[in-house]
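Structure record follows, encoded as structure tokens.
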Amino acid sequence: MMKSNVEELAIWGAPPAFKQRLHVGRPNIGNRERLLERIGDLLDRRWLTNDGPFLQEFEKRISERLGVKYCIAVCNATVGLEIAIKATGLAGEVIVPSFTFIATAHALQWQQITPVFCDINPATHNLDPARVEDLITKRTTGIIGVHLWGRPCDVEALADIARRHKLKLLLDAAHAFACSHNGQMIGSFGNAELFSFHATKFLNTFEGGAVVTNDDELARKIRLLRNFGFAGYDIVSSLGTNGKMSEVSAAMGLTSLESLEKFVAANYRNYIEYRQQLADVPGISLLTFDEDEKCNYQYVVLEIDEHAMGITRDQLDDILWAENILSRRYFYPGCHRMEPYRTRYPQASLWLPETERLANKVLCLPTGTAMGSTEIKGICQLIQLIACESEAVKERMLKQPLRHNPLKSYFE
Ligand code: T4K
């Protein structure tokens, strides 16, 4: 439903612009017939997990695509990261951004390793290498960079710091499958990189992830750690966990890979549509991607300048939710403001000024194959209307308590 007047906004009680809820992270589904055929095969084979044929094929396809020696598929990226951390021998303190999904920090803390939060470069949203060096202590054993939104972090500068200080470098590439840096596919930087294939990622295996590396010894360790430390029947040669990816997930992964180009094309088409429609909206800037590199365009990321737009990011978020546009404030409020870190490091915000600023500005909008041009135009028209009439919207928001429930739920 088109709205041309702020009085028609759903936040004051009018019907929402969209009947169906529009989600960030709606899963992309490849060819159903092919998936069901594969599920039939694995049921016929009665081989459901533990290094099955689909898993092996999936790992081979990924390492070929990325030009990396080893791919070890895992049950999810968080466990994959925990395994990679263990395999590289990280301990003591590890430097990480706070502006990331909580799993990056938790994977360390889970193993009693202290995540030391480092500020980001506001232009890239990624770790600021100039700040990393200041945080190195005698206890530091490594750095985990994150390629946020699929945009590569400064791997050269981080690798240089790691080499000079004899630190390990892991890269959380949860967002960056099928993206490149200087023409080289993300996957072969640092000691190891880690992808997520969670349902909300543009390429999914329901739940899943993969650790990739060119290091023979590290790959061997990661495989052992993924499977309880089993080196053969009845032989356990190290500590380990259960990080295996099941055959049904690998079947989904293989099917998703066959549609990868289609998924990226849909994301790119959506990104261009948003870029055109939001180009002249005051206070809104859309995060851009390097068109000379490969990119999956899976996140549509806005930065809201509340002074230029006239309303805050959170007010815009509330208005959009009322219209059934379930925008997301990734990665608000920053890991350092979440438990257990918030209690442990109550002063952290003092050395994370850019993280603090950005966490209050970013808003992600829906994209993926579930979104079409009509929906995107509708979302952008609403944002344009709100920006043009921001004075009236702000005034009304002050006078009238919000109808919208702040404890937002996807399934209301
Ligand atoms: N490192 C980084 C940098 C990450 O971003 C992540 C995960 C990880 C590590 C760890 O990866 P995994 O261990 O998950 O493999 C989502 C995802 O759950 C999470 O995987 C992702 N990052 C993060 C950025 O986003 P939330 O908190 O947004 O909630 P979720 O997954 O419940 O729902 C997101 C949206 O997707 C909602 O609008 C609902 C919709 N949705 C979700 C699912 C699961 C659907 O429409 N269908 C679905 O099946 O975390």
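The values are calculated or read from the model by the stated rules, or taken from the named source; none is laboratory data. The structure displayed is predicted, hence computed values, not measured ones. Counting neighbours? That spans all protein chains shown, and the Cβs are built from the backbone with ideal geometry, glycine included. Ligands, DNA and RNA are stripped out before the accessible areas are found, and what is left, the full protein with its side chains, is counted by its heavy atoms. Shrake-Rupley method; radii C 1.70, N 1.55, O 1.52, S 1.80 Å.
Results, tabulated for the structure shown:
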quantity	calculated
Mean accessible surface per residue for the range 122-251, computed with a 1.4 Å probe while every protein chain stays in place, in Å²	40 Å²
Set of aspartates and glutamates with alpha-carbon distance to LYS394 below 16 Å, sequence-local pairs under 8 removed	GLU7, GLU8, ASP305, GLU306, ASP314, ASP317, ASP318
Links that overshoot a 26 Å alpha carbon limit, given the list LYS168/LYS361; LYS201/LYS244; LYS138/LYS201; LYS86/LYS294; LYS60/LYS201; LYS244/LYS294	LYS168/LYS361; LYS138/LYS201; LYS86/LYS294; LYS244/LYS294
Accessible area per residue, Å², the range 1-60 with all protein chains present, probe 1.4 Å	64 Å²
At R0 = 51 Å, FRET efficiency that the Cβ-Cβ distance of TYR233 and ARG275 yields, to 0.05	0.35
Accessible carbon and sulfur surface of the range 177-227 relative to its total accessible area, %, 1.4 Å	49 percent
Highest-first arrangement of 17-25, 339-347, where packing means the average Cβ count within 10 Å	17-25, 339-347
In nm, spacing of pseudo-spin labels at GLN111 and LEU398 (7 Å Cα→C-beta vector)	5.2 nm
Fully extended contour minus Cα-Cα distance, from ALA370 to TRP47, at 0.36 nm per residue	113.0 nm
Heavy atoms of ARG65: accessible area, 1.4 Å probe, square angstrom to 10	90 Å²
Spatial separation of Cα centroids for the range 178-227 and the range 1-37, in angstrom	32 Å
Simple label model, 7 Å out from Cα along Cβ direction - TRP351 to ASP292, nm	3.5 nm
Nearest-ten-degree value, helix 155-165 long axis tilted from longest Cα axis of the chain	50 degrees
Largest to smallest accessible area among HIS336, HIS165 [probe 1.4 Å]	HIS165, HIS336
Principal-axis tilt of helix 247-258 within the chain, Cα atoms, nearest 10 degrees	60 degrees
Listed residues GLU7, GLU356 arranged by accessible area, highest first, probe 1.4 Å	GLU7, GLU356
Angle in degrees between helix 260-278 and the longest Cα principal axis of the chain, rounded to the nearest 10	30 degrees
Listed peptides 323-335, 134-146 by packing density, highest first (mean Cβ within 10 Å)	323-335, 134-146
Lysines whose Cα lies under 18 Å from that of LYS377, excluding same-chain neighbours fewer than 8 positions away	LYS3, LYS19
Estimated [θ] at 222 nm from DSSP helical runs (n ≥ 4, -39500 (n - 2.57)) normalised by residues in the chain, nearest 500	-11000 deg cm²/dmol
Heavy-atom accessible area ranking, 1.4 Å probe, most first, across GLU156, GLU93, GLU57, GLU64	GLU64, GLU156, GLU57, GLU93
Stretch gain in nm, segment ALA157-ALA199, where the contour uses 0.36 nm per residue and the Cα spacing is subtracted	11.9 nm
